[in-house]
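The values are calculated or read from the model by the stated rules, or taken from the named source; none is laboratory data. Because the structure is predicted, anything quoted here is derived from the model rather than measured. Here Cβ is always computed from backbone atoms with ideal geometry, including for glycine, and neighbour counts include all displayed protein chains. These area figures cover heavy atoms from the full protein model, side chains too; ligands, DNA and RNA do not enter into them. Shrake-Rupley method; radii C 1.70, N 1.55, O 1.52, S 1.80 Å.
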Amino acid sequence: MAKTMFDKIWDSRVVADLGDGWSLLYLDRVLIHDLSGGRAIREVLDAGHGVAEPNKVFAVPDHAVSSRPGRDETTFPIGEKLLKSLRETTGKTGVRLFDLGRPGHGIVHVMAPELGVVLPGLTLACGDSHTCTNGAMGCMAFGIGASELGHALATQTLPQRRPRTMRIRFEGARPPGVTAKDMILHAIGRLGTAAGTGYAIEYAGSAVEALEIEERLTLCNLSIEMGAKIGMVAPDEKTFAYLQGRDFAPKAAQWQAAIADWRAVPSDPGARFDVDHLIRMEDIAPQITWGTSPGQVAPITGFVPEGDAAALSYMGLEPGQKLAGTKVDWVFIGSCTNSRLSDLRAAADVIGGRHVAKHVTAWVVPGSETVKREAEAEGLHTRFLEAGFEWREPGCALCVAANGEQVPAGSRCVSTSNRNFVGRQGTGARTHLASPAMAAAAALAGALVDVREMV
Amino acid sequence: MESFSSITATAVPFLRQNVDTDVIIPIQRLVGTGRTGLGPYAFERLRYLADGSDNPEFPLNQPGYKGSQLLLADENFGCGSSREGAVWALMGMGVRCVIAPSFGDIFFANCFQNGLLPVRLPIAVIRQIAEETEASPGNARTTVDLERRVVITPTGTEIPFEVDTRKREAMLHGLDDIALTKRHAEAIAAWRVGDRAARPWAWDSVA
């Protein structure tokens, strides 16, 4: 019978059938970060377990590190404690740690694909909901809580209930100004923030095939904002080309064997999904969120709708108000959604000799040390700095506000991150989610603006 | 994990959609803290006024509701971040059961790891429980019986709910998942040997 990619990966990783739709799944990779990693290892050790397969666990500090230029571990003292704990526990158990300032350091969902840790056909878990990002490599990656993380470390397995399957096909040519971020925001706006709850989503269709790997990572990143723990894209020649030569990708004779296996990963023709959606690319325009949930989104040409009074009051917006022209105080270009080299290039390309508006604070936070170095090698940082953006150190920064960095209360921020929740970027901060190009355009204009008018 | 068999409590209506785990517990409270002590910070952005006093508008601050073990919620409760601190914070303020039409998947799983029972019921039923409770504040009690898999509304209507057999057992007896999985140690070892032979590239690249 024709099988979906999800079914193939799931079935291949079942160690034991636990009944009632549950399976004990083998985990090929586990990622941990500073916010919960050190504690998770310590709890596992305290309970008398070891870390089952430390060579399959990769650790990195990202959530609670400062992004201030020239930062070190002491810049945010609470984060320093967490980092010390991560160093101590990974050192004790032999887990690889990618520490501040060295290649390989970065936001966990940026560095893991970048290092080739994430490979097609694998299962991967991490104590972070945006682990779904990694599904762009053609694997089954999902976020878990602290207790499940302990289980993953102690056994390299996890009991999971099989989700249903959903396919979202994007068909047609990509309109000007529309990015992967706009595609997924549009999908969430249309299908709803709970549409994916209980599902594993496969993104497919000609417009997804046409996306580069970094764009696919952006697409999969917001799966959880649609409710789905898992989002994935079939591996193809672009995936293989992206992976070849990366530090933890298969080498030599195993490379060919791996590719042979990976070619069998995509869904079979005729595979049936429990739910199938079709989105036409021509229906998508550059998106901007207006509320406090990622589903509260509209084209930048649109208006603030009526309905959610609490969200509008928090956001300081009036129903019927035109979105474009709304004054902006902050811009954040970064996060596991949109901080890769292609994102920074897209943002820099909007500048065109202009300067960040006087009243706007604009941050560019590269997603990893490697992204930072590559961006600097091609002079992107100079273009940002000359235009009045701040060029900062890699980390989660303003996406998560767990590192001493916050958007001030009442300030309006256009952000390339993934959550516009109340207080997400700081108590009282007002977040508008958008693509890197839209965010850069807003920084220059000092207001929400249609990027298509700026290039 | 704390075991759970049955509770009888005043159901607190908090019927708001998409209550995310950032709202349940801000991340700042989880930086460098443990599993305990989060109760005072649960829902802090809604629960307290700027001066730190209780916000009288917040249901769990209202007389008759404060300290209740049972929360009624709306669609997509616990969406967003995977932070298990959301469950620890709810339990820290005394909540042992949340009834909602749907939950964020990761939050749902985290609940079962700690002994907080998430119950899925249609919104119409939840509204009915809310109305029955509001009609008789101070007296209305709702029972959630995991043993029998029923919710009993304040007026005595029994409403069955579904729960995974596996999760129900674990919760009734406070079982630890790691201990259960270790019973499969031989199967895991055998599986590893087989997979290593079948897909050496998945192993050797990180050896």
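Test A:R419 against the criterion of being touching an Asp or Glu at 6+ places or on another chain (Cβ under 6 Å), under 23 Å from B:D22 (Cα atoms) and of a type outside the set (S, T, N, Q), and give yes or no. So A:R419 fails the test. Within the set A:T292, A:T326, the sole residue that is crowded, with 19+ Cβ neighbours inside 10 Å and farther than 17 Å from A:I188 by Cα turns out to be A:T326.
When each of B:L121, B:L146 is tested for being surrounded by 20 or more Cβ atoms within 10 Å (Cβ to Cβ) and either out of contact with any Ser or Thr (no Cβ under 6 Å at 6 or more places or on another chain) or away from chain A (no Cβ under 14 Å) (or both), the lone residue that passes is B:L146. Only a single item in (1) touching a strand residue (DSSP E or B) at 6+ places or on another chain (Cβ under 6 Å); (2) open to solvent by less than 10 Å² (accessible area, probe 1.4 Å); (3) within 11 Å of chain B (Cβ to nearest Cβ) is not met by A:G79, and it is number (1).
Within the range A:123-155, the residues that satisfy the criterion of being more than 7 Å from every other protein chain (Cβ to nearest Cβ), outside any strand (DSSP E or B) and either within 10 Å of A:M232 (Cβ to Cβ) or among the β-branched types (V, I, T) (or both) are A:T131, A:C132, A:T133, A:N134, A:G135, A:A136, A:M137, A:G138, A:C139. Could you check the range A:379-419 and list, in sequence order, the residues that are in a loop (DSSP other than H, G, I, E, B), touching a His at 6+ places or on another chain (Cβ under 7 Å) and closer than 22 Å to A:P294 by Cα? Across the range A:379-419, the qualifying residues are A:C396, A:V400, A:A402, A:N418. Give the residues of the range B:22-36 that are more than 7 Å from chain A (Cβ to nearest Cβ), open to solvent by 10 Å² or more (accessible area, probe 1.4 Å) and closer than 18 Å to A:G428 by Cβ, sorted by residue number. The one that is more than 7 Å from chain A (Cβ to nearest Cβ), open to solvent by 10 Å² or more (accessible area, probe 1.4 Å) and closer than 18 Å to A:G428 by Cβ: B:R29.
Within the option set A:L433, A:L341, A:L380, being in contact with a helix residue (DSSP H, G or I) (Cβ under 6 Å, 6 or more places away or on another chain), crowded, with 19+ Cβ neighbours inside 10 Å and in contact (Cβ under 8 Å) with a residue 40 or more places away in the chain holds for one residue only, A:L341. When the range A:220-268 is filtered for residues that are in contact (Cβ under 8 Å) with a residue 40 or more places away in the chain, in a helix (DSSP H, G or I) and facing chain B (nearest Cβ under 9 Å), the ones remaining, listed by number, are A:I224, A:E225, A:A258, A:D261.
Among the residues making up the range A:175-219, those that are part of a loop (DSSP other than H, G, I, E, B), farther than 25 Å from B:G78 by Cα and open to solvent by 10 Å² or more (accessible area, probe 1.4 Å) are A:P175, A:P176, A:G177, A:T179, A:A210, A:E212. Going by what's in this entry, would A:V30 be described as open to solvent by 10 Å² or more (accessible area, probe 1.4 Å) and more than 8 Å from chain B (Cβ to nearest Cβ)? So A:V30 does not fit the description; no.
Among the numbered conditions (1) within 13 Å of another protein chain (Cβ to nearest Cβ); (2) open to solvent by 20 Å² or more (accessible area, probe 1.4 Å), the only one that B:C79 does not meet is (2). Across the range A:44-66, the qualifying residues are those that are under 27 Å from the mean Cα position of the chain (by Cα) and charged (D, E, K, R), and the one among them that is surrounded by the fewest Cβ atoms within 10 Å (Cβ to Cβ) is A:E53. I'd like to know if the range A:59-81 contains one or more residues that are in contact with a helix residue (DSSP H, G or I) (Cβ under 6 Å, 6 or more places away or on another chain) and part of a helix (DSSP H, G or I). Looking for residues that are in contact with a helix residue (DSSP H, G or I) (Cβ under 6 Å, 6 or more places away or on another chain) and part of a helix (DSSP H, G or I), one finds none in the range A:59-81, hence no. Listed by position, the strands (runs of 3 or more DSSP E) enclosed by the range B:55-164 that each have at least 1 residues that are of a type in the set (D, E, K, R) are B:117-120, B:142-145, B:158-160.
Scanning the range A:24-77 for residues being touching a Lys or Arg at 6+ places or on another chain (Cβ under 6 Å) and of a type in the set (S, T, N, Q) gives a total of 2. Restricting the first member to the range B:180-203 and to residues that are more than 9 Å from chain A (Cβ to nearest Cβ), and the second to residues that are of a type outside the set (D, E, K, R), the beta-carbon pairs closer than 7 Å and six or more apart or on different chains are B:R196/B:W203. When the range B:170-181 is filtered for residues that are surrounded by fewer than 14 Cβ atoms within 10 Å (Cβ to Cβ) and part of a helix (DSSP H, G or I), the ones remaining, listed by number, are B:H173, B:A179.
With respect to the conditions (1) of a type in the set (A, V, I, L, M, F, W, C); (2) crowded, with 18+ Cβ neighbours inside 10 Å; (3) more than 18 Å from A:R419 (Cα to Cα), A:A260 lacks only one, and its number is (2). Looking across the range A:156-174 at every residue that is open to solvent by 10 Å² or more (accessible area, probe 1.4 Å) and more than 20 Å from B:D164 (Cα to Cα), the one that is nearest to the other protein chains (Cβ to nearest Cβ) is identified as A:R167. So if I check each of A:G428, A:G395, A:G446, A:G388, which one is surrounded by fewer than 23 Cβ atoms within 10 Å (Cβ to Cβ) and closer than 26 Å to A:G79 by Cα? The match here is A:G428.
Of B:W201, B:W191, all but one fail to be in a helix (DSSP H, G or I), over 24 Å from the mean Cα position of the chain (by Cα) and surrounded by 20 or more Cβ atoms within 10 Å (Cβ to Cβ); the exception is B:W201.
Yes/no per residue for (1) of a type in the set (V, I, T); (2) surrounded by fewer than 24 Cβ atoms within 10 Å (Cβ to Cβ):
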site	(1), (2)
A:G352	no, yes
A:V356	yes, yes
A:H359	no, yes
A:E369	no, yes
A:E376	no, yes
A:C399	no, no
A:A402	no, no
A:Q406	no, yes
